[in-house]
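The values are calculated or read from the model by the stated rules, or taken from the named source; none is laboratory data. In this text the structure is predicted, and so the values were computed from the model without any measurement. Glycine gets a Cβ as well: all are built from the backbone with ideal geometry, and neighbour counts include every protein chain shown. Keep in mind that these areas ignore ligands, DNA and RNA; they rest on the heavy atoms of the full protein, side chains included. Shrake-Rupley method; radii C 1.70, N 1.55, O 1.52, S 1.80 Å.
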Amino acid sequence: MTAPPPLPDHPARRVELWLSDAVLGAAILGAVSWMIYADLAGDRPPGALAYGWAFVLGALMMVRRRFPLAVLAVTIIGLFAYYAAGYPAIGLGVPLAGALLSAAQYRNLRWSVSTATVTLAVAYGVRLAQGQDFGRIIGFEIVGEVGTVAAAIALGYSLRLRSELQESTRRLIASAAEEVRARAAEAASEERASIARELHDSLGHHATVTSMHADVIREASETNPEAVRESAQLVKTTSGEMLAELRRTVRTLRGAHAAEVRQVPSLDADRLRTDVFDSLPLQVHAEINLEDPPPEAVQAAAHRILQEALTNVARHSDAEEATVRVLTVGPDLHLSITDPGPARTASGTVQGYGIAGMRERAESLGGSLNARPDGQGFTVNALLPIRRPEEAS
């Protein structure tokens, strides 16, 4: 059984519904009172009780939303009592219209249809049993009564459908808004993760370079002035790049990055050597074989993976050299970074996000990354699709 919907919380909407029910009640009161006043086919003249019943029919409309079935039951019982008392004829359709409309609007449709059918059958059956004119009842009166009852039920059911459609639309809008908020939150989360990876890879590389060349300055301060000067210049340059990267990131986070021009990392051999290979105290043996330049997103991811992997070699290995291979194999870009080791032993180290960040970069392009010990050394292998599967098809 369907319960009537709760009244709206908005005061203005409550007043609007109250006024509409008052207008409906006044219309029923006026129509029934006029028919009572006409004094047709009654055994007794209209009196206070007859007009009081008309008032009750109108007043019931003020509670029809809360108690639609009770209103319908009181209307039918009162209607039969009214006729049993011998008051003037008021028909069936108009007195029943408000109650049938309410039941169809706020309860199951079968309540209105079955109740109207039974009421009409009983009323006209009694009249025919009393010997009233069959032709007048069946050929004339019943048509108007059935039409009025059917119109009331149809109106109530249409109001119900409209209300359900409005509620469905409201829920759909709320669901769409929630989905938009979820997507915005997901996009913001992805943006934060991307910024975190950029900071980790870029600033981590610069910090490693600065730290290592600071060690060179400390160890060669008296024996190799030329190495000291070169390392000091490199520390100054790297520190400047680190500060510039921090400023760009802060402007991005503050939403002021619309006009920011950033140099996209690439796989250009000279660029790799300048930005990555030569800045680390490693002998890097690089093999770069690209049939065609991959898309910028692939080059940027590959550049950062190479940078992070070599930075990890400088941080965590005693190796003085590393081997890098960048090859195009069919639709994929293959990266390999290997150092002979051995791994540097250090106490109190904290697990970082370097390997996780490299893997995220590869997987964001539909690729994969594997990082594992290789003898005494370490190997990082990455596969980056040059084109996404949907683009290849």
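Residues in region 101-124: is at least one within 18 Å of D21 (Cα to Cα) and outside any helix (DSSP H, G or I)? Write out each step before concluding.
Keep residues of region 101-124 that are within 18 Å of D21 (Cα to Cα), which gives 101-107.
Now drop any that are not outside any helix (DSSP H, G or I), which leaves 107.
Yes, there is a match, as at least one residue in region 101-124 is within 18 Å of D21 (Cα to Cα) and outside any helix (DSSP H, G or I).
Residues that are touching a Leu at 6+ places or on another chain (Cβ under 9 Å), over 17 Å from V146 (Cβ atoms) and crowded, with 16+ Cβ neighbours inside 10 Å occur in region 83-93; there is at least one. The residues of region 61-82 that are crowded, with 18+ Cβ neighbours inside 10 Å and in contact with a Gly (Cβ under 7 Å, 6 or more places away or on another chain), listed by number, are M61, R64. Scanning region 290-330 for residues that are of a type in the set (G, A, S) and either without any contact (Cβ under 8 Å) to a residue 40 or more places away in the chain or in a helix (DSSP H, G or I) (or both) returns A297, A300, A301, A302, A309, A314, G330.
Output yes when any residue across region 3-14 is in contact (Cβ under 8 Å) with a residue 40 or more places away in the chain and over 46 Å from the mean Cα position of the chain (by Cα), and no when none is. Within region 3-14, none of the residues are in contact (Cβ under 8 Å) with a residue 40 or more places away in the chain and over 46 Å from the mean Cα position of the chain (by Cα). Reported count of residues in region 272-326, each being closer than 15 Å to S336 by Cβ and among the basic types (K, R), is 1. Return a yes/no flag: does region 175-191 have any residue that is part of a helix (DSSP H, G or I), open to solvent by less than 50 Å² (accessible area, probe 1.4 Å), closer than 30 Å to A301 by Cβ and modelled with pLDDT under 65. Among the residues of region 175-191, not one is part of a helix (DSSP H, G or I), open to solvent by less than 50 Å² (accessible area, probe 1.4 Å), closer than 30 Å to A301 by Cβ and modelled with pLDDT under 65, which makes the answer no. The combined condition, being surrounded by 13 or more Cβ atoms within 10 Å (Cβ to Cβ), of a type in the set (D, E, K, R) and at pLDDT below 85, is fulfilled by R248. When region 85-109 is filtered for residues that are within 11 Å of M35 (Cβ to Cβ) and aromatic (F, W, Y), only Y87 remains. When L24 is tested against (1) closer than 16 Å to A152 by Cα; (2) crowded, with 20+ Cβ neighbours inside 10 Å, only condition (2) is not met.
In region 36-48, the residue that is nearest to V71 (Cα to Cα) out of those that are hydrophobic (A, V, I, L, M, F, W, C) and exposed (fewer than 13 other Cβ atoms within 10 Å of the Cβ) is A48. Could you list, in sequence order, all residues of region 113-127 that are over 15 Å from A97 (Cα atoms) and open to solvent by less than 60 Å² (accessible area, probe 1.4 Å)? Passing the criteria: A123, Y124, G125. Checked against the criterion of being surrounded by fewer than 17 Cβ atoms within 10 Å (Cβ to Cβ), modelled with pLDDT under 90, over 31 Å from the mean Cα position of the chain (by Cα) and not β-branched (V, I, T), the candidates R372, R325, R387, R344 yield just one match: R344.
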